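Presented below is the structure to which this report refers.
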Amino acid sequence: MDKKTLPVLNLPPIAARLRRDDDSRRGGDEIYDPLRRRWVALTPEEWVRQNFVDFLINGRGFPAALMANEVPLELNDTGRRADTLVYFRSLRPAVLVEYKAPDVAVTQKVFDQAARYNSVLRAPYIIVSNGLRHFCCRLTAEGYRFLPDIPAWATIAQDAEERQ
């Protein structure tokens, strides 16, 4: 596998661990997910997830110990999965992150999906990214308010303290 064939994203480059696994049932290219501590299929969306998680940790100071990928949730009696969930130290959801592949446009439909998931999780922040475009919203009493950038973890944690 050659990293040069992976899509270039609007994120800092990462030192991803990649491998080709022809022996497993899945077979094919894989990337190591440090949050799940296992190898996962390298899909375009997974490439975005791994790059974005690295950006949150190394670029915005998010604590890896408070992050989880593919978090199960139940919505209308149906099992779903939140792409990435970041928790406050109290283990309440802080940030819900929804990813799409780079060739998938970030549309209102994508935000609606994230908002539906968040109706269960109630995280005060939602981030949506396709690796090229990133959007962050903060939940307010009036609804979601778009932010000009993705805040640092210290800002999110301080915001939570002020809300209590």
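Considering the range 1-13 alone, what residues qualify as being open to solvent by less than 40 Å² (accessible area, probe 1.4 Å) and at pLDDT 95 or above?
9, 11
Can you pull out every residue in the range 50-77 that is under 20 Å from residue 117 (Cα atoms) and touching a Gly at 6+ places or on another chain (Cβ under 9 Å)?
Residues satisfying the conditions are 52, 72, 73.
In the range 100-139, which residue that is of a type in the set (S, T, N, Q), under 24 Å from residue 12 (Cα atoms) and in contact (Cβ under 8 Å) with a residue 40 or more places away in the chain is surrounded by the fewest Cβ atoms within 10 Å (Cβ to Cβ)?
Selected residue: 130.
Which ones in the range 65-94 are within 14 Å of the chain's Cα centre (by Cα), open to solvent by 40 Å² or more (accessible area, probe 1.4 Å) and charged (D, E, K, R)?
70, 81, listed by residue number.
Given the criteria more than 14 Å from the chain's Cα centre (by Cα) and open to solvent by less than 10 Å² (accessible area, probe 1.4 Å), does residue 156 qualify?
When the stated conditions are applied, residue 156 passes them.
Can you confirm whether residue 76 is more than 24 Å from residue 16 (Cα to Cα), polar (S, T, N, Q) and out of contact with any helix residue (DSSP H, G or I) (no Cβ under 8 Å at 6 or more places or on another chain)?
It is true that residue 76 is more than 24 Å from residue 16 (Cα to Cα), polar (S, T, N, Q) and out of contact with any helix residue (DSSP H, G or I) (no Cβ under 8 Å at 6 or more places or on another chain).
Could you say which residue among 133, 92, 122, 138 is touching a Leu at 6+ places or on another chain (Cβ under 7 Å) and farther than 16 Å from residue 35 by Cα?
Going through 133, 92, 122, 138 in turn, just one is touching a Leu at 6+ places or on another chain (Cβ under 7 Å) and farther than 16 Å from residue 35 by Cα: 138.
Consider residue 97 carefully, then state whether it is β-branched (Val, Ile, Thr), surrounded by 11 or more Cβ atoms within 10 Å (Cβ to Cβ), within 24 Å of residue 9 (Cα to Cα) and touching a strand residue (DSSP E or B) at 6+ places or on another chain (Cβ under 6 Å).
yes
Only one of (1) under 18 Å from the mean Cα position of the chain (by Cα); (2) of a type in the set (Asp, Glu); (3) open to solvent by less than 70 Å² (accessible area, probe 1.4 Å) fails for residue 149. Which number is that?
(3)
Here are some conditions: (1) within 14 Å of the chain's Cα centre (by Cα); (2) of a type in the set (S, T, N, Q); (3) within 21 Å of residue 46 (Cβ to Cβ). Residue 118 meets all but one. Which one does it not meet?
Going through the list (1) within 14 Å of the chain's Cα centre (by Cα); (2) of a type in the set (S, T, N, Q); (3) within 21 Å of residue 46 (Cβ to Cβ), residue 118 breaks only (3).
Test each condition in (1) of a type outside the set (Gly, Ala, Ser); (2) closer than 12 Å to residue 120 by Cα; (3) at pLDDT 95 or above for residue 77 and report the one that comes out false.
Looking at each condition in turn, residue 77 falls short on (3).
The values are calculated or read from the model by the stated rules, or taken from the named source; none is laboratory data. These numbers come from a predicted model, not from an experiment. In this analysis, Cβ positions are derived from the backbone assuming ideal geometry, glycine residues included, and neighbour counts consider all displayed protein chains. Accessible surface areas use protein heavy atoms only, side chains included; no ligands, DNA or RNA. Shrake-Rupley method; radii C 1.70, N 1.55, O 1.52, S 1.80 Å.
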